[in-house]
Amino acid sequence: GILENTPRLDYSGGASCPSLLLEPSRTNAVDNSEYFGGISVVSASVETNAAISPEGLNNAGKLISLAASPQPNWSRYYNIVQTDEKQSLSIYAKAGSVDNFTITYYDNITGDLFFNYDLTNGSVDAPTTDPNYVNSDIQDMGNGWYRCIAVVNSKASGYNAQFQTSAGVDRKTANTGDYVFIYGYQWEQNQSYPTSYIPTYGSSVTRSQEGAQVTSVSDLIGQTQGTLFAEVDSFGVGEVANRILGVSNGTGAERVIMLTRSNGFRFIVTNNSVNGVDYTKYTTTKGVHKLAMTYDANEVRIFVDGVKVATDPSVVLPSSLNSVHIGKQEVNGNYGNNFGGSAKQALVFPTALTDSEAIALTTI
């Protein structure tokens, strides 16, 4: 397995150059994430070890509709602790005899919410576009596999809510014998976006929080000028105060950091515990973003996706910068406020890039 202090590298999307995967602590509540037999099914069956899964083993399931009515599905039930609790569901699916796959969420307040995934074109038809209520995504994993993601803000409490999966659209169009392949079921309770797959074998599993830091490198960090650059891929834009990249003196009193904020990215420069710069660039766009912040002679400039978005010419810069932090809080040894995504690049320059250089570096 993965050893302690060993970085995880993410090759998803067919990347030849991996990104550093840094994620907060999460729990997969599903007790058998790769075994689909013996679970609640209606007019359906699951054949185990029926196809090569995304991990390259013959351990994917085959979800088969046995009749058009009643509505065929495979289900998991979990108790919802409180109202307005986010439920994040993800599962891998591959086209079989049909290329349509449905995730259905149900509780006693919302009724049925259908997320329909096209396993040929890699698209999803969600029940609503309101991100405060639901969110969805479909990620191409290669070899015909897609990771199907559904997030619901449950309106129930003390209720045994359920996610259901089925071949066909809205569980209503499947014919007898229709099938798709499934693998890697993950339910992250009270979470607004999914993290990487956590396999389970008989009980829920919790992954520890992750982050990277290097200390005692003051000679590599520009003290009077410098540039921070990060290329990130995050489903979790909107998570507040999750750290992306920063330099500090090992505390929060002296720092230059980039982090997330509600519906955007936040940039902070702190000297003597006072924020001289605190700027947010708002965006609701999921996926890859490139961020840069330069500081030089008390001037700070901020760039997002090829655009210079802010300048402050009268900043008191921090001092004694000696530590670099990726995906974690800028306090040495504190791994809180983890970034909810993957860091494709993270660079610290000891000099301030020019505007044209920063724009070129951050252009998507």
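The values are calculated or read from the model by the stated rules, or taken from the named source; none is laboratory data. These numbers come from a predicted model, not from an experiment. Note that each Cβ is placed from the backbone with ideal geometry, even for glycine, and that neighbours are counted across all protein chains shown. Protein only, heavy atoms only, side chains kept; ligands, DNA and RNA dropped before computing areas. Shrake-Rupley method; radii C 1.70, N 1.55, O 1.52, S 1.80 Å.
Number of residues in the stretch 114-145 that are part of a strand (DSSP E or B), touching a Phe, Trp or Tyr at 6+ places or on another chain (Cβ under 6 Å) and under 20 Å from ALA44 (Cα atoms) equals 1. Taking the criterion of being open to solvent by 30 Å² or more (accessible area, probe 1.4 Å) and either within 18 Å of THR83 (Cα to Cα) or more than 15 Å from the chain's Cα centre (by Cα) (or both), the residues of the stretch 127-141 that qualify are PRO127, THR128, THR129, ASP130, PRO131, ASN132, TYR133, ASN135.
The residue that is nearest to ASP355 (Cα to Cα), among those in the stretch 246-264 that are within 26 Å of the chain's Cα centre (by Cα) and open to solvent by 20 Å² or more (accessible area, probe 1.4 Å), is ARG255. One residue stands out in the stretch 316-358 among those that are surrounded by fewer than 17 Cβ atoms within 10 Å (Cβ to Cβ) and among the hydrophobic types (A, V, I, L, M, F, W, C): the one that is farthest from ASP10 (Cα to Cα), namely VAL316. Scanning the stretch 115-139 for residues that are among the hydrophobic types (A, V, I, L, M, F, W, C) and at pLDDT below 90 turns up ALA126, VAL134. Within the stretch 326-351, restricting attention to residues that are under 13 Å from the mean Cα position of the chain (by Cα) and in a loop (DSSP other than H, G, I, E, B), the residue that is modelled with the highest pLDDT is GLY327. Restricting GLY158, GLY144, GLY211 to residues that are modelled with pLDDT under 90 and open to solvent by 30 Å² or more (accessible area, probe 1.4 Å) narrows the list to GLY158. Take the residues in the stretch 90-103 that are of a type in the set (A, V, I, L, M, F, W, C) and buried (at least 24 other Cβ atoms within 10 Å of the Cβ), then tell me which one is nearest to the chain's Cα centre (by Cα). Step by step, filter the stretch 90-103, then rank; the result is ILE91.
Selection over the stretch 280-315 of residues that are of a type in the set (S, T, N, Q) and open to solvent by 60 Å² or more (accessible area, probe 1.4 Å) gives a count of 5. For the stretch 281-300, check the following and say yes or no: at least one residue is without any contact (Cβ under 8 Å) to a residue 60 or more places away in the chain, closer than 25 Å to THR215 by Cα and not in a loop (DSSP other than H, G, I, E, B). Scanning the stretch 281-300 turns up at least one residue that is without any contact (Cβ under 8 Å) to a residue 60 or more places away in the chain, closer than 25 Å to THR215 by Cα and not in a loop (DSSP other than H, G, I, E, B). Answer yes or no: is there a residue in the stretch 225-242 that is at pLDDT 95 or above and surrounded by fewer than 21 Cβ atoms within 10 Å (Cβ to Cβ). The answer is yes; a qualifying residue exists.
Taking the criterion of being open to solvent by less than 50 Å² (accessible area, probe 1.4 Å), under 30 Å from GLN213 (Cα atoms) and either modelled with pLDDT under 80 or not in a strand (DSSP E or B) (or both), would at least one residue in the stretch 6-17 satisfy it? Step through it out loud before you land on a result.
Pass one, the stretch 6-17, residues open to solvent by less than 50 Å² (accessible area, probe 1.4 Å): 8, 10, 15.
Cutting the leftovers down to under 30 Å from GLN213 (Cα atoms) gives us 8, 10, 15.
After this cut, where a residue has to be either modelled with pLDDT under 80 or not in a strand (DSSP E or B) (or both) as well, the list is 10, 15.
Yes, that holds for at least one residue.
For the stretch 191-222, the tally of residues that are aliphatic (A, V, I, L, M) and assigned to a loop (DSSP other than H, G, I, E, B) stands at 3. Evaluated against (1) open to solvent by 40 Å² or more (accessible area, probe 1.4 Å); (2) in a strand (DSSP E or B); (3) among the hydroxyl-bearing types (Ser, Thr, Tyr), THR176 falls short on exactly one condition, (2). Within the stretch 259-274, the set of residues being modelled with pLDDT under 95 and in contact with a strand residue (DSSP E or B) (Cβ under 6 Å, 6 or more places away or on another chain) comprises LEU259, ARG261, ASN263, GLY264, PHE265, ARG266.
Output the residue which, of all residues in the stretch 265-276 that are touching a Ser or Thr at 6+ places or on another chain (Cβ under 9 Å), open to solvent by 10 Å² or more (accessible area, probe 1.4 Å) and not small (Gly, Ala, Ser), is farthest from SER248 (Cα to Cα). Among them, the one singled out is ARG266. For VAL277, the criteria (1) within 29 Å of ASN153 (Cβ to Cβ); (2) of a type outside the set (Lys, Arg); (3) at pLDDT 90 or above hold in every case but one, which is (1).
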